[in-house]
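> This is the structure, below, for whatever I ask next.
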Amino acid sequence: MLNLHRLFLLRELRRLETMSAIAREHSMSPSAVSQQLSQLERESKVTLFEQAGRRVVLTDAGARLARRAEEMLGLMETAEAELVSAQGEAGGVLRVASFQTPLIALAPVAVSVLEQRHPDLRIEIAQREVEEAYEGLLAHRFEVILGEDYPGGQQVVRRGTDREDLLQDPLLLVLPGHGPACRARRLEDLAEMPWALDPEDTRTGAWERTYLRSAGIEPWVRFDTPDPLLQVHLVRSGHAAAFVPGLIAAEHLGGTRVLRLPGDPHRGLYTAARAGAREHPSLLAFRAALLEAADALGDLPGLERLGA
């Protein structure tokens with residue numbers, strides 16, 4: 001009988017392409033990965049991989065078995081979810097990966113809800129950007145992740161995952177509460193303004209620069225940082241303008257001037273889990289608690305709209 005852990009490593013070889021990458025991802029030595037895959041090859045009595053220069057590549061038979069391994073791993077998770085459902089209560093450990101703003105605005109409320117309603121469920125949350133979170137989800141280091149999509153960007157959907165929309169979050173402009181910039185009425189009034197933006201190679205940073213350039217502004221990035229609270233501090237101190245998500249607008253933007261942007265852009269927040277676990281009671285409980293936390297945020301009434 002084929003060993004499920006070895007099949008998982010074969011699936012990982014298809015996903016990560018090298019044994020050294022598998023070793024790094026799963027805290028194994030390359031020799032241990034090689035031994036496990038060689039044992040799987042002996043058990044299957046079929047050549048699963050072969051040398052191609054200094055690399056190992058899957059044969060056609062190996063690629064087919066890797067695809068079947070992914071299906072088997074999904075079925076195993078589905079079976080586990082059904083067994084837990086039969087017990088009637090969410091419990092155990094649910095490992096979550098999320099980027100910063102949901103951790104600030106949603107996680108505390110969601111965790112409080114879960115502590116009250118599901119005391120046997122322990123939530124462990126790690127801060128990760130979306131790409132790293134997805135890799136951890138596929139490597140089984142996390143059970144669920146939070147991600148984001150920006151206007152005009154490609155929607156991220158990974159094979160073998162189950163994605164569920166969470167909320168639409170308005171993207172806002174934050175200006176200093178004093179000085180010439182606070183009197184801006186149109187986007188073009190900010191052509192000479194220094195900015196605090198996310199790094200250009202992130203989804204947020206790419207959207208910010210694209211949005212400004214579409215308005216004819218080539219931004220002077222005085223501060224390059226992915227931390228929205230630091231960006232707000234730099235705005236509050238009068239040294240930059242910034243874009244912030246509505247999630248943190250209610251509690252963290254005192255001393256600044258907050259405006260809705262032309263076109264009313266929003267980013268989409270979502271959760272993603274492995275497809276086989278979509279009906280796991282712990283995952284369902286967590287997603288329900290997040291939706292409750294999102295509903296509790298309310299609208300952002302009374303914000304002035306910046307002219308185009």
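> Starting from 0.36 nm per residue, how many nanometres of slack lie between LEU2 and ALA126 once their C-alpha separation is accounted for?
41.3 nm
> Please give the charge dipole size of the stretch 1-148, origin at the Cα centre, charges +1 on K and R Cβ atoms and -1 on D and E Cβ atoms. Round to the nearest 20 debye.
The dipole of the stretch 1-148 has a size of about 580 debye.
> Indicate the gyration tensor shape class of the stretch 64-114 (rounded, prolate or oblate), computed on the Cα atoms with a ≥ b ≥ c the square roots of the eigenvalues: a/c under 1.5 is rounded; otherwise a/b larger than b/c is prolate and the rest oblate.
Here the stretch 64-114 falls in the oblate category.
> If exposed trypsin sites (Lys or Arg not before Pro) are those in a DSSP loop with at most 11 other Cβ within 10 Å, what is the longest stretch of the chain that has none?
Between exposed loop sites, the widest span is 186-308.
> Residue by residue through the stretch 109-123, what is 3J(HN,Hα) from phi via Karplus (6.51 cos²θ - 1.76 cosθ + 1.60, θ = phi - 60°)? Round to whole Hz and write x for glycine and proline.
5, 4, 5, 4, 4, 5, 4, 6, 9, 9, x, 8, 9, 10, 9
> So if each residue of separation counts as 0.36 nm, and I subtract the Cα-Cα distance between LEU103 and ARG159, what length gain in nm does that give?
Going from the current span to full extension adds 17.6 nm.
> Something else now. Counting pairs of alpha carbon atoms under 8 Å apart in space and at least six apart in sequence, what relative contact order in percent does the chain give?
Value for the chain: 22 percent.
> Give the residue list of GluC sites (Glu not before Pro) in the stretch 63-171 that are DSSP loop and have at most 10 other beta-carbon atoms within 10 angstrom.
Listed in order of number, the matching sites amount to none.
> Have a look at the DSSP beta bridges in the chain and tell me what percent are antiparallel, nearest 5.
Antiparallel bridges: around 60 percent, rounded to the nearest 5.
> Moving to a separate point now. Could you please state how large a percent of the accessible area of the chain is carbon and sulfur, counting protein chains only and using a 1.4 Å probe?
Carbon with sulfur: 50 percent of the solvent-accessible area.
> So what is the calculated 222 nm ellipticity per residue for the chain, using -39500 (n - 2.57) for each DSSP H run with n of 4 or more, over all residues, to the nearest 500 deg cm²/dmol?
Result for the chain: -13000 deg cm²/dmol, rounded to the nearest 500.
> Normalising by the residue count of the stretch 150-308, find the relative contact order in percent from Cα pairs under 8 Å and 6+ residues apart.
It comes to 38 percent, rounded to a whole number.
> Per residue, how much accessible area does the stretch 1-120 have with a 1.4 Å probe, in Å²?
It amounts to 56 Å² per residue over the stretch 1-120.
> Just how far, in whole angstrom, is the stretch 80-99 from the stretch 191-224 if you go by their alpha carbon centroids?
41
> Please list the radius of gyration and Dmax for the stretch 1-106, considering alpha-carbon atoms only, with Å as the unit.
Rg then Dmax for the stretch 1-106, in Å: 17.3, 53.
> Enter the accessible area per residue of the stretch 178-308 (Å², integer; probe 1.4 Å; all protein chains in place).
46
> A further question follows. Would you give the gap between the C-alpha center of the stretch 261-280 and the C-alpha center of the stretch 135-175, rounded to a whole Å?
Using only Cα atoms to place each centre, the spacing works out to 5 Å.
> Also, I was wondering about something else. Bin width 10 Å, origin at 0, all Cα-Cα pairs of the stretch 56-210: what percent of pairs per bin?
Result, from short to long distances: 8, 26, 29, 20, 11, 6, 1 percent.
> Sticking with this structure for a sec: Set Lys and Arg Cβ to +1 and Asp and Glu Cβ to -1, take the dipole of the chain about its Cα centre, and tell me which of LEU37, ALA107, PRO301 lies farthest positive.
LEU37
> Here's another thing I want to ask about it. How large is ³J(HN,Hα) for each residue in the stretch 284-295, as worked out from phi by the Karplus curve 6.51 cos²θ - 1.76 cosθ + 1.60 (θ = phi - 60°), to whole Hz, x for Gly and Pro?
3J(HN,Hα) across the stretch 284-295, in whole Hz: 4, 5, 5, 4, 5, 5, 5, 4, 5, 5, 5, 5.
> Okay, next question. Could you tell me which label, among (1) 31; (2) 8; (3) 40, carries the value of percent of Cα pairs over 37 Å apart calculated for this structure?
Label of the calculated value: (1).
The values are calculated or read from the model by the stated rules, or taken from the named source; none is laboratory data. Since we're looking at a predicted model, the values are computed, not measured. Backbone-built Cβ (ideal geometry, glycine too); neighbour counts: all protein chains shown. The accessibility values were calculated without ligands, DNA or RNA, using every heavy atom of the protein model including side chains. Shrake-Rupley method; radii C 1.70, N 1.55, O 1.52, S 1.80 Å.
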